[in-house]
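One structure is given below, encoded as structure tokens.
Please treat every number below as a calculation from the coordinates, not as lab data. Only a predicted model underlies this, so the values are computations on that prediction, with no experimental measurement involved. All Cβ positions, even for glycine, are placed from backbone atoms using ideal geometry, and neighbour counts span all protein chains on display.
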Amino acid sequence: MSGPLYIPVLPARQHATGAFGRLWPDVRAAIRPLWNLPPLPGAAPQTLTMAVGKYVDPVSAVSRHGGWIDAPFGEDAQIAALAEALSAYCEWGRLRPVTGPGRTGLQQMAAVETARRCRRGLGVRVRVPGEWDGRHREDVRGLLSRTGPEVPVDLLLDMGAVLDDRPDAGKEALRALDALMPLAVWRSAALLGGAFPRATAEMLEGGSCEGSRAEWRMWHEVRATGRAYAPLLRYGDYGVQPPSALGQDPAPGRKGGPPWSVLRYTTASSYLLFKTLTRGPDRIAVNRGAARRITRLPEFRGAGAGEGEAWLSDCANGPLSTGEGVGGPREWLRAGNLQHMMYVVRSLPGG
């Protein structure tokens, strides 16, 4: 079994593609993202090709080493048009199609046919948002029988949100893996989960808050079991956003939003969030102060650790007389993902 070191589950949005494209080349080469098309509510099938291109063109451009492209929020009436639009990025680009149990038969067969044509393989995404449902085993077995042994398959076991209120997530992942691993000669297998907290104003009343990297603990728990597949199991997370962020409607033209956001930093065991302001007379001072709090952490890895840390250092040391370099929500997300993905790869065996 082979595969990349790290599989981040990312939205096909500008902040994520921008961050991925700015990673150091050796780090980017170790990553194969699972890209997710956002919901396109009510989009007519005849307009989907243009809508898909808006989001997936940038994804394809930064995916020189490959990855997967999924449309998990596609409406039933959109499935055929989505499959056709995405197939071009698999046949002429380096992305791989995705399907899994719980999808419609039409979506499954479209993904399988695309995988056969592009000859780069098929991602089988199995979601386990709670307890493992043993019926998924037979669903996956049936999908694999329709796929055929000539198509390489990658198992993407997606545990969804893995917060401290799911202490048995590792056990459920083991139940799923024990059931699924014998079904195929998987080219690769990855355990995915997201523990980044959804920040609220109440959580940030003191200016900062902290969340546990429970998905990182889950992966280590599974790796420590001694299962034959455990040393080969790849790690994946949702970057520096909660899993629910993938399903946010792009809502073109929407303005406004809360007057605050966050800067993010990843340590060995925690996600650290520091409050920023999106508007108001104190915006520059508060935001540079938030960046300084990060750069003064004992865990801060230094401006030379990557572009994420470099941006944070520049922001922290900038003058209060100008907002240049302070950024906004998109830049803060990009910097957060940059430092996070760089750190995860460097933390993994072989990184």
Per-residue HN-Hα couplings for segment 106-114, Karplus 6.51 cos²θ - 1.76 cosθ + 1.60 at θ = phi - 60°, whole Hz, x for Gly and Pro? 5, 5, 4, 5, 5, 5, 5, 5, 5
For a quick check: with amide H placed at 1.01 Å from N, whose amide H comes under 5 Å from D70's, ignoring anything fewer than 5 positions away on the same chain? W35, N36, L37
In the set [x] 51, 47, 46; [y] 65, 40, 38; [z] 63, 51, 36, which value of Cα extents along the principal axes in Å was calculated from the structure you see? [z]
Kindly state, as a whole number, the per residue volume in cubic angstrom of the convex hull around the alpha carbon atoms of segment 4-48. 84
Tell me which residues come under 5 Å, amide H to amide H, from M159 once H is placed; ignore anything under 5 positions away on its chain. V128, L192, G193
If one takes the longest principal axis of the Cα atoms in the chain, at what angle in degrees, from 0 to 90 and to the nearest 10, does the Cα axis of helix 135-147 lie? 70
FRET efficiency estimate (nearest 0.05) - Cβ-Cβ, H220 to R135, R0 45 angstrom: 0.95
Report the extension gain between M109 and S270 in nm, rounded to one decimal, defined as 0.36 nm multiplied by the number of residues separating them, less their alpha carbon distance. 53.9 nm
Tell me the net charge near H15. Cut-off is 12 Å between Cβ atoms, H15 excluded, with +1 for each Lys or Arg and -1 for each Asp or Glu. +4
Within a 10 angstrom radius of the beta carbon, how do K275, K54, K171 rank from fewest other beta carbons to most? K54, K171, K275
Taking a crude spin-label model, label points 7 Å out from Cα along the C-beta direction, the E202 to R119 distance in nm is 5.7
Residue-wise HN-Hα coupling along segment 288-304, computed from phi with Karplus coefficients 6.51, -1.76, 1.60 (Hz; x: Gly, Pro): 5, x, 5, 5, 5, 4, 6, 5, 9, 5, x, 7, 5, 8, x, 4, x
Can you sort E131, E215, E75, E307 so the residue with the fewest Cβ neighbours within 10 Å comes first? E131, E75, E307, E215
Would you mind checking the tilt of helix 329-347 against the longest principal axis of the Cα atoms of the chain, expressed as 0 to 90 degrees and rounded to 10? 60
What is the set of long-range amide H partners of L122 at a cut-off below 5 Å, with H atoms built 1.01 Å from backbone N? V153, D154
Stokes-Einstein D in µm²/s, Kirkwood radius over Cα pairs - segment 260-347 at 37 °C with 0.692 mPa s viscosity: 257
About the Cα centre, and with charges only on the beta carbon of Lys, Arg (+1) and Asp, Glu (-1), how big is the dipole of the chain? Nearest 20 debye, please. 640
Measuring from the lowest to the highest alpha carbon on each principal axis, how far does segment 54-148 reach, largest first, in angstroms? 38, 26, 25
If you find the alpha carbon centre of segment 257-331 and of segment 143-157, how far apart are they in angstrom? 43
Enumerate the calculated ³J(HN,Hα) couplings along segment 67-80 in order (Karplus 6.51 cos²θ - 1.76 cosθ + 1.60, θ = phi - 60°), each rounded to whole Hz, writing x wherever the residue is Gly or Pro. x, 10, 10, 10, 10, x, 10, x, 7, 3, 6, 9, 4, 4
